1. Calculate the dipole size of region 253-357 relative to its Cα centre from +1 charges on Lys and Arg beta carbons and -1 charges on Asp and Glu beta carbons; express the result in debye to the nearest 20.
2. Rounded to the nearest 20 debye, what is the charge dipole size of the chain about its Cα centre when +1 sits on each Lys and Arg Cβ and -1 on each Asp and Glu Cβ?
3. I'd like the orientation of helix 56-68 relative to the chain: the angle between its Cα long axis and the longest Cα principal axis, in ° from 0 to 90, rounded to 10.
4. What's the long-distance tail for the chain, i.e. % of Cα pairs beyond 38 Å?
5. Take the alpha carbon atoms of region 315-425, find their radius of gyration, then divide it by 2.2 N^0.38 Å using N residues; give the quotient.
6. Which one of G71, L429, G254 is farthest out on the positive end of the charge dipole of the chain, using unit charges on Cβ (Lys, Arg +1; Asp, Glu -1) and the Cα centre as origin?
7. Please list, ordered by chain and number, the residues whose modelled amide H lies under 5 Å from the amide H of A478; skip anything fewer than 5 residues away on the same chain.
8. Near the amide H of S197, under 5 Å away, which other amide H atoms are found, from residues 5 or more places off or on another chain, if H is placed in the peptide plane?
Amino acid sequence: MPNKYYPTIGLEIHAELKTQTKMFCSCKNDPDEERPNVNICPVCMAHPGTLPVANKKAIENVIKVGLAIDGTIADFSEFDRKNYFYPDIPKGYQISQFKYPIVSGGRLAEMDVTRIHLEEDTANNKHREGDTSASFGNTQDKSLSAGFSLVDFNRAGVPLMELVTEPHTFENAEETAKKASRFAKELQLILWYLGVSEANMEKGEMRVEANISISSDPKKLGTKVEVKNLNSFRSVERAIKYEVDRMTALMEEGKGDEIVQETRGWDEGKQKTFSQRKKEGSADYRYFPDPDLPKMKLHEAFDLDKMRKELPELPMQKRARYQKDFGIKDEDIEVYINDPVLGAWFEKIATILQVQEKIKTASNYITSDYIGIKKSNLEAKLPSEENFAELINLVVDNKISSRAAKDILVKILIKDESPLKIATAEGLLQTSDTSLLKEIAQKIIGANQKVVLDYKGGKEQALMSLVGQIMKETKGSANPAVAKEILIDLLK
């Protein structure tokens with residue numbers, strides 16, 4: 001029997017914080033700026049003699065995240081210098097935190113958090129591939145033609161939150177990948193709900209790194225591999241699963257020594273990880289407290305009790321309330337959790353409808369029909385809560401058919417008006433007038449004798465064919481349940 005291998009994963013997630021200015025200077029924090037090197041100053045360019053000043057709003061944002069995950073907010077904290085040389089670090093060091101992070105502990109999406117600290121983001125390297133036939137400006141410099149890199153310092157110094165999780169051991173690759181992806185999604189939601197970060201992964205405002213190992217003993221850690229800069233939840237899930245499967249295959253082939261401590265990247269096109277650089281051990285960044293920044297007494301600088309009370313309703317709390325108050329499907333709840341504007345609109349409709357049966361029907365129409373129409377029709381907009389609630393009342397009270405409801409929904413998404421008014425004007429109100437429906441049913445029976453014989457011969461579906469004929473004759477205005485009863489009575 002082959003050995004079972006247990007994957008262990010720890011996540012490091014960086015998120016750029018939403019503030020007016022950068023972390024240690026007054027330059028604008030604008031992730032949408034496309035012109036290079038315009039939001040810069042002597043401080044974030046590391047000119048000699050400049051002094052940093054900490055952005056209090058960024059510190060407050062990290063504290064909010066800590067409170068939201070039930071972490072411990074440090075009383076004492078400080079900034080450190082993390083020393084390393086790279087073109088995107090103009091100072092030759094990064095201002096970060098080492099021994100005294102702002103947040104310790106906490107839990108989110110069934111994973112424990114080790115710490116959350118605050119640092120400054122790096123500049124952005126832009127690489128251009130070589131083109132020996134190209135000239136650049138008035139020069140024919142072959143070194144430029146062979147390819148080059150440029151540095152955009154707009155991002156240098158932007159406040160960056162880093163969250164580190166505890167290592168968690170799981171049963172298999174699929175569970176590991178899904179748990180990691182769920183954690184990252186839940187963190188993004190919390191950042192949105194708190195209003196502290198846009199956390200747009202496509203723009204690089206949120207970056208995920210995964211530390212992965214496998215072992216035949218769930219109590220021991222194997223050799224760690226770090227997969228860096230995963231920029232979508234799909235990439236997070238697929239890269240982790242691929243890497244666990246790769247390690248497992250090597251172990252099963254007796255090639256466990258080929259699993260080395262290294263940094264790997266994710267190739268989206270090939271759907272596989274690749275080696276970037278080997279690591280013999282942890283880098284020595286020679287951390288030491290930044291002498292230009294004061295120590296921080298956070299419990300004195302911030303009213304933590306007040307901040308805790310002022311936290312908005314968070315995703316987990318909202319899920320529990322929606323389940324309790326509305327009884328709607330989990331899939332529907334996730335739609336509203338991920339789209340707070342749609343969720344707020346739904347809640348106003350629920351307040352009008354009050355009855356849980358009607359609320360569930362409303363949610364079905366929103367998460368299936370409304371979203372489907374919105375995807376195919378860019379002109380579609382949310383109608384007023386009153387008109388949408390009126391449409392649901394017409395459906396639940398059997399005053400219009402589901403087909404008519406869908407047609408009316410399309411109309412009120414383009415032009416917000418009364419569904420009852422539309423149904424009346426277009427003859428879509430269902431009739432339960434038994435004398436009228438009986439007359440139509442007799443006509444249908446007379447014109448469809450073969451179908452009648454099939455029904456009398458035991459084919460129950462034939463009856464629904466006759467109901468359909470009545471619906472067609474009445475242009476959908478007949479109450480199908482009443483029509484069916486009349487047909488059964490006539491065909492006895």
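1. On the way: 19 positive and 23 negative charges, 42 e Å.
In debye, rounded to 20, region 253-357 gives about 200.
2. My answer is approximately 780 debye.
3. Value to nearest ten degrees: 50.
4. On the way: 57629 of 120786 pairs.
So the portion of pairs separated by more than 38 Å is 48 percent.
5. Details: Rg = 13.4 Å, N = 111, 2.2 N^0.38 = 13.2 Å.
Scaled against compact globular proteins, the figure is 1.02.
6. My answer, from the dipole projection, is L429.
7. T431
8. K18
We did not get these values from a lab; they are worked out from the coordinates using the rules stated. For clarity, every value in this text was computed on a predicted model and none was experimentally measured. Glycine gets a Cβ as well: all are built from the backbone with ideal geometry, and neighbour counts include every protein chain shown.
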